[in-house]
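These notes concern the structure reproduced below.
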Amino acid sequence: MPLTAEHAADLGAYAGRVFDHHRAHPHFVRLPAREGLRGGDRVAAEDERAGHYDEKTAAVARAQRDGVLTDEAAAGQLVHAVIALTASWSVLPQLTRMRVPALVGAGPDAQREALVSLVRRLAARPPGGDADDPAAGTAAAPDRLPLTHDEQQRPEHRSER
C-alpha cells in the first residue's frame, strides 16, 4: 500500500486503509508472517522490498520534518509500528481475543477505528511541539536508529556479532 508524505500526515488513516487491505486480501499479510517464521538471513526480493519500505520511511520522515508527525521516534520505527499494529489483527487473532475481547465482539469496523485512533495517538506531535520550529520536540540524534535499509547497511550502523 503506497504511503506518500501527504498520506503520512494522517498515519492513522493510512493504518486504516492497510487494515482494510488486509481484510480484503489476508494472504498479503499472512505470507510475510509465515516467511518470518521460517527464518533465514534473507527473503525473496529483499532489496526490492527494502526499497519499498524505504519509500514509506522517507514519506514519514518528510512528514516529521514538516512538523505534522512526532519526531520522538525515528521514521523507520513509526513505519515498523504501523506495519506491526495493522498486521497483528490478521496474524494474531488469538491475542486479540485475549487482550481486547470487546473489540472482537464489536466487529471489524470497531477494530479499524481502534487501530486508527491508536496510530494517530502514537504519531501525534507532542504537546508544545511547534510545527514552525523544526528543532522543537526533536529527540536526541544519537539515540535514533538508522532510517533506511541502505543506512542500516553502512558500516557505522552495523553491529558486529
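The values are calculated or read from the model by the stated rules, or taken from the named source; none is laboratory data. Keep in mind the model is a prediction, meaning the values are calculated, not measured. Cβ atoms come from the backbone with ideal geometry, glycine included; neighbour counts cover every protein chain shown.
Regarding LEU37, is this residue modelled with pLDDT of 95 or more, of a type outside the set (D, E, K, R), surrounded by fewer than 18 Cβ atoms within 10 Å (Cβ to Cβ) and in a helix (DSSP H, G or I)? For LEU37, the condition - modelled with pLDDT of 95 or more, of a type outside the set (D, E, K, R), surrounded by fewer than 18 Cβ atoms within 10 Å (Cβ to Cβ) and in a helix (DSSP H, G or I) - is not met. The sole residue among ARG49, ARG30 that is modelled with pLDDT under 95, more than 25 Å from THR4 (Cβ to Cβ) and out of contact with any strand residue (DSSP E or B) (no Cβ under 7 Å at 6 or more places or on another chain) is ARG30. Filtered by the rule that a residue be closer than 22 Å to ARG49 by Cα and aliphatic (A, V, I, L, M), region 64-115 gives ALA74, ALA75, LEU78, VAL79, ALA81, VAL82, ILE83, ALA84, LEU85, ALA87, VAL91.
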